[in-house]
Amino acid sequence: MRWLRRLWQSGDLPWLLAVLGFFAVQYRAVVLQGRHWLFGDNAFQNFPWHYYVWDRVRHGGLTAPCREMALGFPLFAEPQAQCFYPLNTALWPIADPFVSFSLKLILHMLAATVGVFVLARWLGRSALGAAAAALVMCGSSFMVYRVVHAPILFSLAWLPWVVVLYLQVLRTGSRLAFVGLVGCAAMQVLTGHPQLAVYTVLACLVMASGLPPGATARLPGGVPGTHSTAQQPRPAARLVRPLGIIAGAYALGLLIGMVQNAPTYELYLYSWRTGMGDIELVRQWGCSLKDLAVNVLAGAEATWKWEKVAFPGTLAWVAVLYGLVAYRDRPTRTVLALILIALVLSWSDGNPLYDIVGYVPVLNRFRAPGRAGVLLALGAALLLGRLVDSVRAGEVSPRKLLWGLLAGLGLMEAVALATTGRPGLGPWVEGDPLGWQLVVLVAAAAGAATLSRSRLQGLASRGPLLMAGAMLVLSAGEFLLIARDINPAFTREEWLQQPNQRIYALAAQQRAPSDGAFVRWRDGLPNNVAIYFHLPQARGFTPMAFPAMDAMNTWLAGPNTPATLAAFGVDWVATDRQRAEAAGLRVVGSAGDWVLCRSPLPAERAYVPEKMIPGDLAVAAALLRDESTDPRQTVAAPAAIIGPEPAYCPGGKVEVMGDAPGRTILRTSTTAPGLVVVPRLWAPFWSATVDGQPTNTLATNMVLLSAVIPAGEHTVAFVWAPEMLRPALVSGLMALLWVVWLVSEWRRKHGAWRRSTAVSGSAEARLPGAAE
């Protein structure tokens with residue numbers, strides 16, 4: 001209770017409670033009504049992945065191939081699935097995965113909100129100003145819109161805490177703060193969103209440049225203090241120290257997160273390291289599906305996407321404009337630099353700098369629409385806190401504030417006209433071009449034009465605190481209006497009754513354990529909801545799909561011949577009735593517009609193709625497009641394996657002796673050397689043996705698991721064996737050392753504090769008259 005007393009005495013607690021109350025009202029559908037944000041990315045990607053971890057931690061098999069995604073995707077290597085993120089796996093005791101998913105979202109959003117409050121207080125804002133800053137972070141459109149992009153919010157939760165601890169290390173040299181910085185960096189790495197980590201580092205470096213030149217202390221000594229004027233560090237040293245601290249913190253964080261980073265690296269860089277595939281070939285054939293979705297979205301909305309994904313509120317824009325004109329101090333200029341960087345990198349079809357980020361090699365790995373908006377949200381939040389404090393202190397007259405509001409609204413209208421051809425923030429008020437802005441615009445113009453200077457000055461002298469509080473209320477009202485219906489929320493039953501989910505439930509009911517996999521045509525992005533129904537599926541979505549998976553997703557988007565379905569181990573197909581009839585599939589049920597069909601050819605569990613053609617993804621694509629070719633008999637294989645000329649293996653036979661998610665045993669019989677193919681997604685974690693002797697695995701048609709077999713009868717075993725022991729040992733050892741380090745620094749700091757308190761107490765006792 002001591003910390004609550006300190007919060008109350010500092011004046012923080014009432015305003016923090018006000019922010020938490022607004023948070024509960026803003027996100028009342030989940031916080032107060034117990035509903036769930038199961039739409040968009042959350043519905044087809046984030047919740048199914050959360051369910052996977054929730055289920056596998058309970059029942060085992062966390063590192064086994066996920067057959068519900070692309071015939072065996074290594075989901076543990078997908079960082080956004082957060083298979084090793086403590087705040088994800090720790091939720092498994094909650095019996096309802098829907099509740100644990102929503103709780104995880106809300107707790108991370110709350111952590112980001114409170115973190116911005118703490119950051120603003122650290123920067124010298126009053127409790128009221130910090131509340132205004134926190135309100136912008138939790139209520140503006142970056143967080144509201146990103147509810148559907150849960151991994152971004154999981155990473156965002158750690159951003160303000162990383163910045164606070166980083167600035168604390170720079171200012172005081174506190175080793176305890178550095179330990180905390182390492183821990184927060186590790187947690188952010190484990191959330192699985194590297195783009196937000198990059199923007200976090202950028203925010204740290206920009207904010208560090210706002211510290212006075214002499215306000216940094218040496219880290220090794222751990223002694224708070226500043227450099228004297230005579231001992232000012234050189235400019236190079238002022239740059240090296242901030243870079244070294246943040247780089248060191250994230251390097252140690254990466255080591256703590258090695259159990260996640262190692263398989264991720266192995267999966268997504270293996271193809272490029274071995275020259276197995278060029279993703280551009282896949283994209284030329286109709287993929288990447290993520291790029292396709294982004295392009296469709298870009299064509300359907302205004303060119304300036306930050307209106308929707310990073311709008312910080314009208315008063316926050318006023319604070320930005322006022323900061324540009326009125327504030328000359330270094331910290332404010334630093335915060336303005338964050339906003340400038342965000343606008344330069346804004347997701348805009350006409351922004352050449354965004355195109356550089358999007359398409360230049362290396363930089364394009366960080367391409368993601370609107371992610372830079374986090375810098376805008378953070379900068380605008382801190383500036384609004386500064387403006388509220390200026391109003392509270394009487395430094396800003398109400399007249400200037402009203403004119404600033406008028407100018408801010410006018411600027412937004414000009415941007416809307418220039419980029420969308422109509423006034424108003426179109427994404428929020430589709431039915432009314434001017435919408436709620438018209439009322440505020442007229443009120444601001446009337447107030448600025450009609451109220452006399454003396455009355456305004458008198459109001460400023462009598463009620464600055466009231467006016468600062470009114471700014472908080474106005475911002476809250478605007479944010480509540482923005483988020484009133486942007487995020488649909490559902491109960492568990494409502495979500496499961498949607499046709500999109502019912503078709504999976506129907507397939508899971510109809511499918512026998514010995515049947516092949518399921519695939520759904522005409523759905524654009526593959527849906528991972530099959531994980532929830534434990535339904536093996538031939539397609540699956542991940543934003544970081546490696547070439548083999550991207551190719552399979554494209555080739556099985558439909559329609560496909562029965563032979564192609566059989567070659568990929570598919571028995572069940574969901575599509576519309578017209579495509580089903582055209583492909584010769586038998587309809588067995590329906591859910592909404594979807595029909596569930598059975599392929600006339602049984603799915604293969606393993607086969608030996610008769611003809612092997614040397615080629616890459618382009619050759620495989622041509623074979624699979626040719627409806628006269630049976631993919632079970634003719635396949636594309638790497639030339640390094642079969643040679644420069646086609647190879648033949650007629651009459652090959654194979655018998656499945658054992659088939660489990662991570663182990664397949666086959667008995668082959670051939671008259672010539674050839675390939676044996678298992679309809680599983682190839683990944684670098686598979687190993688193979690022929691009669692007990694190790695052999696290399698390869699990807700037939702660049703996607704399916706295969707191995708070379710000699711002539712005669714042989715026993716072939718495919719075993720899923722990811723190397724997890726060493727990464728787990730590194731993570732475990734580093735985490736243990738971090739805990740020991742944290743406890744040691746904590747005890748050292750509090751021991752020194754107790755000793756200093758005891759010394760000061762004894763000194764007071766020795767003062768004359770102390771005994772009386």
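A few points about this structure:
- The label point for R586 and the one for Y265, both projected 7 Å from the Cα toward the Cβ, are 5.1 nm apart.
- Cα→Cβ-extended label distance, 7 Å offset, between M657 and T89, nm: 3.4 nm
- The calculated FRET efficiency for V99 paired with L480, based on their beta-carbon distance and R0 = 35 Å, is about 0.90.
- Counting only protein heavy atoms and a probe of 1.4 Å, the accessible surface of segment 25-126 is 61% carbon and sulfur.
- L13-L725 FRET efficiency (beta carbon distance; Förster radius 60 Å; 0.05 resolution): 0.80
- Taking each residue as 0.36 nm, the span from R6 to R330 lengthens on full extension beyond its C-alpha to C-alpha distance by 113.6 nm.
- Karplus-derived HN-Hα couplings along segment 59-73 (A = 6.51, B = -1.76, C = 1.60, θ = phi - 60°), whole Hz, x at Gly and Pro: 10, x, x, 4, 9, 6, x, 8, 6, 7, 10, 6, 6, x, 6
- The gain in end-to-end length when the A640 to H750 segment is fully stretched comes to 33.2 nm, 0.36 nm per residue minus the alpha carbon separation.
- Close amide H contacts of H36 (hydrogens built in the peptide plane, cut-off under 5 Å, sequence separation of 5 or more or a different chain): F490, T491.
- Across q = 0.16, 0.22, 0.24 Å⁻¹, segment 78-142 modelled as identical point scatterers on its alpha-carbon atoms has Debye log10 I(q)/I(0) values of -0.66, -0.87, -0.93, in the order of the q list.
- Annotation: for a label point projected 7 angstrom from Cα along Cα→Cβ of D593, residues of segment 563-577 with backbone N closer than 19 Å are 573-577.
- Segment 74-114 residues near the modelled L742 label - backbone nitrogen below 13 Å, point 7 Å along Cα→Cβ: 86-87
- Solvent-accessible surface of segment 582-633, averaged per residue with a 1.4 angstrom probe and all protein chains in place: 47 square angstrom.
- Along the axis of the charge dipole computed for segment 667-755 (Cβ charges of +1 for Lys and Arg, -1 for Asp and Glu, origin at the Cα centre), the listed residues N696, T715, P684 are led at the positive end by P684.
- The gain in end-to-end length when the A505 to Q33 segment is fully stretched comes to 167.3 nm, 0.36 nm per residue minus the alpha carbon separation.
- Where a label projected 7 Å from the Cα of D626 along Cα→Cβ would reach, residues of segment 525-563 with amide N under 19 Å: 555-556, 560-563
The values are calculated or read from the model by the stated rules, or taken from the named source; none is laboratory data. Here the structure is a predicted model, which is why all the values come from computation and not from measurement. Glycine also receives a Cβ, built like all others from the backbone with ideal geometry; neighbour counts cover every protein chain displayed. For accessibility, only protein heavy atoms count, side chains too; no ligands or nucleic acids. Shrake-Rupley method; radii C 1.70, N 1.55, O 1.52, S 1.80 Å.
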